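Peer 1: Below you'll find the structure I mean.
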Amino acid sequence: MVNLLVTIHVITGVLAIFAFLLVVVELLDPKEKTAKRVKAFALIGTILIFVSWVVGGYYYVTYYGTDVKPLIKEGASPWIHSVVMETKEHVFLFLPFLSILATGIIFSSNAELLKNHKTKLAVLLLCALIILIGLAITGMGFLISTGARAAGVG
Amino acid sequence: MKLNIKSLNYSTILTIWLIVVLTIWGELSNSFKTFLAVSTGHHWITKGMLSLIFFVVVYFMISKIVKDRADSTNWAINTSIATILAVIIIFGFYLWHFVP
């Protein structure tokens, strides 16, 4: 159960990053169906972030606090929980709202998205931010998994 | 679907800063962290739920006041700067909190 939850959390998170990366790629090289595809990718990315949030949150609240956190804190690298995990769990909370904002601009601008340079730039900037924070969170997740294994979890 | 982009930007920035305040306040005050924890069973769930409710309420409140004539680029830059600052503050806070 624990492995399944972590796997779903990671896969949905990575796919969400990939979805917003596809929004960037589509906008940088617009084609006939770009507007439709950008809407679909942004919506999928936002839904995946919410799924990752709920599944990761369930794992964090149910298993991490009791089974993993004490071992990491008593191990050789307590900073992995005290700095990395604490930062990850709170910075993650920014992503749902940033993705709603990016998706909201995309759906509200419609055809203007491809014609209006400023709107396109705004969406590109927000998607880049989502991707960067997403990648940083993925890296932190890797550190936490490594720290947990080093502390004897699993 | 037509959303008020200016209001959406305001509510995103304010929600991100609410998360920063709840996070730091919770770490500095045991009684506040306990309040967050007992409200839903875990402080992190309370922070998430409060943020979602706050985001929706602030969006609709600001939508009633502010007309949607946003310059998307300027607002995206504002939101990005606010977010990057919030990330640095949260990371810096936990680093400071950990280092003896």
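The values are calculated or read from the model by the stated rules, or taken from the named source; none is laboratory data. Computed from a prediction, not measured in an experiment: that's the story for all the values here. Here the Cβ positions follow ideal geometry from the backbone for every residue, glycine too, while neighbour counts run over all protein chains shown.
Peer 1: Given the residues A:LEU126, A:LEU121, A:LEU132, A:LEU114, which is the only one that is under 11 Å from the mean Cα position of the chain (by Cα) and in a helix (DSSP H, G or I)?
Peer 2: Only one candidate passes the filter, namely A:LEU132.
Peer 1: On to the next question. Going through segment B:87-100 one residue at a time, which ones are crowded, with 18+ Cβ neighbours inside 10 Å and facing chain A (nearest Cβ under 7 Å)?
Peer 2: Answer for segment B:87-100, where residues must be crowded, with 18+ Cβ neighbours inside 10 Å and facing chain A (nearest Cβ under 7 Å): B:VAL87, B:ILE90, B:PHE91, B:TYR94.
Peer 1: Give segment A:50-86 a look and list any residue that's at pLDDT 95 or above and outside any helix (DSSP H, G or I), or say none.
Peer 2: Across segment A:50-86, there are no qualifying residues.
Peer 1: Another question, then. Quick one: count up the residues across segment B:48-93 that are in a helix (DSSP H, G or I) and in contact (Cβ under 8 Å) with a residue 60 or more places away in the chain.
Peer 2: 11
Peer 1: Another question, if that's okay. Of all residues in segment B:26-45, count the ones that are hydroxyl-bearing (Ser, Thr, Tyr), more than 11 Å from chain A (Cβ to nearest Cβ) and surrounded by 12 or more Cβ atoms within 10 Å (Cβ to Cβ).
Peer 2: Of the residues in segment B:26-45, 3 are hydroxyl-bearing (Ser, Thr, Tyr), more than 11 Å from chain A (Cβ to nearest Cβ) and surrounded by 12 or more Cβ atoms within 10 Å (Cβ to Cβ).
Peer 1: What do you reckon, is B:VAL58 at the interface with another protein chain (Cβ under 9 Å from one of its Cβ atoms), of a type outside the set (D, E, K, R) and surrounded by 13 or more Cβ atoms within 10 Å (Cβ to Cβ)?
Peer 2: No: the conditions fail for B:VAL58.
Peer 1: Another question about this same structure. Answer with yes or no whether A:GLY13 is away from chain B (no Cβ under 14 Å) and within 24 Å of B:SER51 (Cβ to Cβ).
Peer 2: yes
Peer 1: Quick check on segment A:105-115: of everything there that is surrounded by fewer than 24 Cβ atoms within 10 Å (Cβ to Cβ) and either within 17 Å of B:LEU85 (Cα to Cα) or within 7 Å of chain B (Cβ to nearest Cβ) (or both), which residue is modelled with the highest pLDDT?
Peer 2: A:PHE107
Peer 1: What is the one condition in (1) in contact with a Gly (Cβ under 8 Å, 6 or more places away or on another chain); (2) outside any helix (DSSP H, G or I) that B:LYS2 does not satisfy?
Peer 2: The single condition B:LYS2 does not satisfy is (1).
Peer 1: Could you run through segment A:11-34 and say how many residues are surrounded by 15 or more Cβ atoms within 10 Å (Cβ to Cβ) and free of Cβ contacts under 8 Å to residues at least 40 places away in the same chain?
Peer 2: 5
Peer 1: Scan segment B:34-64 residue by residue and report those that are basic (Lys, Arg) and at pLDDT 95 or above.
Peer 2: B:LYS47
Peer 1: Output the residues belonging to segment A:43-87 that are touching a residue at least 12 places away in the same chain (Cβ under 8 Å), within 10 Å of chain B (Cβ to nearest Cβ) and either in contact with a Cys (Cβ under 6 Å, 6 or more places away or on another chain) or within 16 Å of B:GLU27 (Cβ to Cβ) (or both).
Peer 2: If the condition is that a residue be touching a residue at least 12 places away in the same chain (Cβ under 8 Å), within 10 Å of chain B (Cβ to nearest Cβ) and either in contact with a Cys (Cβ under 6 Å, 6 or more places away or on another chain) or within 16 Å of B:GLU27 (Cβ to Cβ) (or both), then A:HIS81, A:VAL84, A:MET85, A:THR87 are the ones that fit.
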